[in-house]
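Every read-out reported here was derived from the displayed coordinates using simple, explicitly stated rules and does not represent laboratory data. Just so it is clear, the model here is predicted, and its values are computed rather than measured. Using ideal geometry, Cβ is built from the backbone for each residue, glycine included, and neighbour counts are taken over all protein chains shown.
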Amino acid sequence: MAAAAVLLLPGSALAAATDGRDMSLLWALPFVGVLLSIALMPLFAGHLWHHHYGKIAAGWSALFVLPFAIVYGAGAAWSEVTYVLITEYLPFITLLLALYTTGGGVLLKGSLVGTPATNTALLLVGTLIASVMGTTGASMLLIRPVLRANAFRQRKTHTFVFFIFLVSNIGGSLTPLGDPPLYLGFLQGVSFFWPTTHLFGPFLVCAVILLAVYYVLDSWAWAKEKPEPPAEARPEPLRIEGWHNIALLGVIVVGVLMQGVWQTSEIVLLGQAIGVERLAAMGIFLVVTVVSYRLTTDALREANGFAWGAILEVAKLFAAIFLCMAPVLAILKAGMDGAAAPLVALTTDAAGQPIPWVYFWLSGLLSSFLDNAPTYLVFFNLAGGDAAHLMGEGALILAAISCGAVFMGANSYIGNAPNFMVKAIVEENDVRMPSFFGYCGWALVFLVPLFVLITLIFFW
């Protein structure tokens, strides 16, 4: 229970306790274990996983914390626990909680007919707003309007697959609010608008091509099906309910920006120094969460299908993932002097220079089947972990890592948290979604060739 209580997010590796050069790859086993549990247990032991995922995550966390305490001492273990809890995990989860709560309190109502043009427009809107209210918030806001608009359609699975591609993943690539990897980068020192300026080109290419392909595909399905929109449906103008939550989203943006522009004094909590601006931002996010919950009616949240279970699951699993990843980050940060030297060697050429396309694909492939937030941190540290350098001379490498982590989170249901949420909501409405490997087949056909093109244009 003590180990489960300190599940947390890693910071700049295990500098306070030990040197990553002294650690073997055996320390990565809990990290591999928790990620394989997340990837495979829902498929092969779903009942066990859904009822006990918190205990399983806590068990893997204990398998790291307890041996670490034995080898390096209880004081070192406590120092690591408090470091990542205070400086990384709490800032991360409070922002995610605020975005989840406010996004679940905005309801788009009105009569929409799911023609190819309407569906494409909805996907475009979702893609554009995902960087403002997060991929989770944008997915929560639009998935039900898209379901209602296409209720009369027979061929509609492709719509929700492309919804995951665009709204739940690629659309969140322009700001730290959009996707967890970019927010982790922001916490590591990457400026707020750096993704906006450096990822806009790859984002635009992906969005335009996928929207065009979707329009052609949906037009073919429409012509093949020749659907008749329900004549009895009464026209109802589009409107938004829950405007106060949109205003609260603005407050969240202010809280995030504040951390980048207001650098003030530090205070010490549990032996760890943290900036006052970071504490103030966490306070803002918690207040926004409470205000959103109190001001939003139960009827509105029910209409949106809002529930706390999803964010609770994310909080538990992310905590276990990042705790177990701490030694992996330490080993990677050791570079050629660490146990991950072969992987480090793969990312550089004969002259020792980093290879952008390798960073893009390695970060992307891991993001596809693990989780894109910790994957981003792994390669961020592998590239040196210095935000100032990566935003300057190393900008192409940071862009490759960012695009790989954000874009390729769309390659599977487990690549990004909103993917599974969208799948669950669609299936609750009796719409068939592809199986795990079936969805990967869609990604192989439509996304992988696109990412090859992105490689050739931007990272070769």
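In table form, for the structure just shown:
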{"quantity": "Segment 37-109: C-alpha pair distances exceeding 18 Å, %", "calculated": "64 percent"}
{"quantity": "Exposed-loop-free span, longest in the chain, where GluC sites (Glu not before Pro) count as exposed if DSSP calls them loop and at most 15 other C-beta atoms lie within 10 Å", "calculated": "1-231"}
{"quantity": "Listed residues F380, S168, T82: farthest to the positive end of the dipole of the chain (Cβ charges)", "calculated": "S168"}
{"quantity": "Exposure proxy ranking, count of Cβ atoms within 10 Å, fewest first, for V406, V426", "calculated": "V426, V406"}
{"quantity": "Kyte-Doolittle at least -0.5, axis length at least 18 Å by Cα - qualifying DSSP helices, the chain", "calculated": "29-44, 46-72, 90-103, 116-149, 200-225, 243-261, 276-295, 309-333, 356-369"}
{"quantity": "Inter-label distance for L204 and V287, nm, one decimal - labels placed 7 Å from Cα along Cα-to-Cβ", "calculated": "3.9 nm"}
{"quantity": "Footprinting exposure proxy for M336, M433, M325 (fewest neighbouring C-beta atoms within 10 Å first)", "calculated": "M336, M433, M325"}
{"quantity": "Helix-only CD estimate at 222 nm, as mean residue ellipticity for the chain, using -39500 (n - 2.57) per DSSP H run (n ≥ 4)", "calculated": "-21000 deg cm²/dmol"}
{"quantity": "Chymotrypsin sites (Phe, Trp or Tyr not before Pro) within segment 283-344: DSSP coil, no more than 13 neighbouring Cβ in 10 Å", "calculated": "W308"}
{"quantity": "Within segment 112-173, trypsin sites (Lys or Arg not before Pro) in DSSP loop having at most 15 other beta-carbon neighbours inside 10 Å", "calculated": "R155"}
{"quantity": "Proxy reagent accessibility, fewest Cβ within 10 Å first, across F186, F152", "calculated": "F152, F186"}
{"quantity": "Full-stretch length increase - Q263, A39 - with 0.36 nm per residue and alpha-carbon distance subtracted", "calculated": "76.7 nm"}
{"quantity": "The chain, relative contact order in percent, only Cα pairs under 8 angstrom and at least six apart counted", "calculated": "25 percent"}
{"quantity": "Length added when fully stretched, M336-L25, from 0.36 nm per residue minus Cα-Cα", "calculated": "110.6 nm"}
{"quantity": "Label-zone membership for segment 385-399, site D349, 7 angstrom Cα→C-beta point, backbone N under 18 Å", "calculated": "393-399"}
